[in-house]
Amino acid sequence: MKRTRTAQFSAIAAAAAATGLVFPGVAGAVPGPNTLPEVVTAVGASTTYEVTGAIFAAANSSPANTDPDTYVNVPPVLVPGQVFPVPGDVFDPGTAYSSTNPPPNGAIAGSSALAGSTTAGSGSIEVVRSDSPRALSDPSTFEFYGFARDAVSWAASSAGAGTGVTLTLDQLRGIYSGAITNWNQVGGTDAPIAVYLPQIGSGTLSFFMNTVLGFDPTTKPVTIKRFQENDATTIPAADRPGAIALYSVAQWVSQGNGVVSDKRAGFFEGTLTSAGSDTAPVSGSAPNYAPAYSDGFLGSSFVYHVIDTRSPSHDAALNVVGFDPNGPSPLCNGSYASVLAQYGFKPLPANSAGVTCVRS
């Protein structure tokens, strides 16, 4: 059933203990508490995993969370032997993610899991971390709340054959179509290019193929290898000197600045020209890296939290990641701009109503 709420959701005053980031105390609107303790579970993309975890930590410890609701951020990948328990509530008995019941890994996998959960009338998943826009296959009941901007560009080893290279969009497409097979064809040293894409179910993968490349490389005469998105350590060491991969700018920045675990394995964020922004996608040096791409860059897009109006805990999720006619949640009123920036994202400007999220 849909929750009816009258009180307003107010100050978020917690800090994310793992990062030491301080969240401002702000007043929000949205539905607010309803006296029913609920568990709100997020799954999906690695790109926004850490920032969502920080936002959820703040919500869990907020004095305004009087129900109290419990916000759980499920990692996209578990370490071997790990069991990640999600507690139950009145709508769902809870879930234990493990090697035999792995969590949804990526935005597309998360969206599929949310659709399955709500179609079945379950409250096991309420939020999808997404780095991909709405797809034609998504249910009409999905609400996409874009809360920041990120970009994806190519990446390669700073100690490898592609160091110092700048790629044009045509050259990048040539590599992923199999027309270009050696780094020396694009200004690098003589070495075969090992072509990597993120895991199946990745929103970064979907966005890159649909928007940046304009084709699916698996239909071309090129050998595609897979790695875990935004984790160059999952590329075998023997392949790294000749590898090309994709990397979220926000993840590269936050990893380089030490805000989150560094999984870059020496990979740099490559410059892509003739794609709406010819500048390097990242500026500065550690611990002050910052995104430098223009909003018109072909690889730039919003990142989202996705919720479903059919979810029994829709409003509990909305309190933290969205907005409604009553007004925005703290995430969507601009109060988290500095937090988003520390995680490598570009905050969105406020509209005339003071809302810094977009809904689609």
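The values are calculated or read from the model by the stated rules, or taken from the named source; none is laboratory data. These numbers were taken from a predicted model, which means no experiment stands behind them. Glycine also receives a Cβ, built like all others from the backbone with ideal geometry; neighbour counts cover every protein chain displayed. Please note that ligands, DNA and RNA were not included when accessible areas were found on the heavy atoms of the full protein model with its side chains. Shrake-Rupley method; radii C 1.70, N 1.55, O 1.52, S 1.80 Å.
Please specify each residue of the range 236-274 satisfying the condition of being assigned to a loop (DSSP other than H, G, I, E, B) and crowded, with 21+ Cβ neighbours inside 10 Å.
259, 260, 270
Specify which of the listed residues (80, 76) is of a type outside the set (Val, Ile, Thr), part of a loop (DSSP other than H, G, I, E, B) and open to solvent by less than 20 Å² (accessible area, probe 1.4 Å).
Answer to the check: 76.
Assigned to a helix (DSSP H, G or I) and either touching a helix residue (DSSP H, G or I) at 6+ places or on another chain (Cβ under 7 Å) or in contact (Cβ under 8 Å) with a residue 24 or more places away in the chain (or both) - does that describe any residue in the range 277-294?
Among the residues of the range 277-294, not one is assigned to a helix (DSSP H, G or I) and either touching a helix residue (DSSP H, G or I) at 6+ places or on another chain (Cβ under 7 Å) or in contact (Cβ under 8 Å) with a residue 24 or more places away in the chain (or both), which makes the answer no.
If you check every pair at least six apart or on different chains, which have Cβ atoms under 7 Å apart with a residue in the range 177-195 that is at positive phi first and a residue that is β-branched (Val, Ile, Thr) and open to solvent by 20 Å² or more (accessible area, probe 1.4 Å) second?
178/222
Identify, from the list 107, 148, 135, 120, the residue that is of a type in the set (Gly, Ala, Ser), open to solvent by less than 20 Å² (accessible area, probe 1.4 Å) and more than 18 Å from residue 73 (Cα to Cα).
148
Mind listing just one residue for me: the one in the range 326-360 that is of a type in the set (A, V, I, L, M, F, W, C), free of Cβ contacts under 8 Å to residues at least 40 places away in the same chain and part of a loop (DSSP other than H, G, I, E, B) and, of those, farthest from residue 56 (Cα to Cα)?
Filtering the range 326-360 for residues that are of a type in the set (A, V, I, L, M, F, W, C), free of Cβ contacts under 8 Å to residues at least 40 places away in the same chain and part of a loop (DSSP other than H, G, I, E, B), the one farthest from residue 56 (Cα to Cα) comes out as 353.
Just checking, does the range 136-143 include any residue being outside any loop (DSSP other than H, G, I, E, B), touching a residue at least 60 places away in the same chain (Cβ under 8 Å) and under 26 Å from residue 43 (Cα atoms)?
Checking the range 136-143: at least one residue is outside any loop (DSSP other than H, G, I, E, B), touching a residue at least 60 places away in the same chain (Cβ under 8 Å) and under 26 Å from residue 43 (Cα atoms).
Could you tell me which residue of the range 62-93 is modelled with the lowest pLDDT, considering only residues that are closer than 24 Å to residue 36 by Cα and of a type in the set (S, T, N, Q)?
Selected residue: 62.
Across the range 33-61, which residue is modelled with the lowest pLDDT among those that are surrounded by 21 or more Cβ atoms within 10 Å (Cβ to Cβ) and assigned to a loop (DSSP other than H, G, I, E, B)?
Applying the filter and picking the extreme gives 33.
Within the range 206-221, how many residues are of a type in the set (A, V, I, L, M, F, W, C) and open to solvent by 30 Å² or more (accessible area, probe 1.4 Å)?
2
Which numbered condition in (1) under 30 Å from residue 334 (Cβ atoms); (2) touching a Gly at 6+ places or on another chain (Cβ under 9 Å) is the only one that residue 149 fails?
All conditions pass for residue 149, except number (2).
Residue pairs, Cβ under 9 Å, 6 or more apart or interchain, first in the range 40-68 and at positive phi, second surrounded by 24 or more Cβ atoms within 10 Å (Cβ to Cβ) and acidic (Asp, Glu). List them.
44/131
Just the residues that are assigned to a strand (DSSP E or B) and not aromatic (Phe, Trp, Tyr), please, taken from the range 295-312.
The answer is 300, 301, 303, 305, 306, 307, 308.
Which residue is modelled with the lowest pLDDT, if the candidates are limited to the range 322-341 and must be surrounded by fewer than 19 Cβ atoms within 10 Å (Cβ to Cβ) and polar (S, T, N, Q)?
Only one residue fits best here, namely 326.
Among the residues of the range 175-218, what is the count of those that are more than 25 Å from residue 164 (Cα to Cα) and of a type in the set (Phe, Trp, Tyr)?
Of the residues in the range 175-218, 2 are more than 25 Å from residue 164 (Cα to Cα) and of a type in the set (Phe, Trp, Tyr).
So which residues in the range 188-205 are crowded, with 20+ Cβ neighbours inside 10 Å and not in a loop (DSSP other than H, G, I, E, B), if there are any at all?
Within the range 188-205, 194, 195, 196, 197, 198, 203, 204, 205 qualify.
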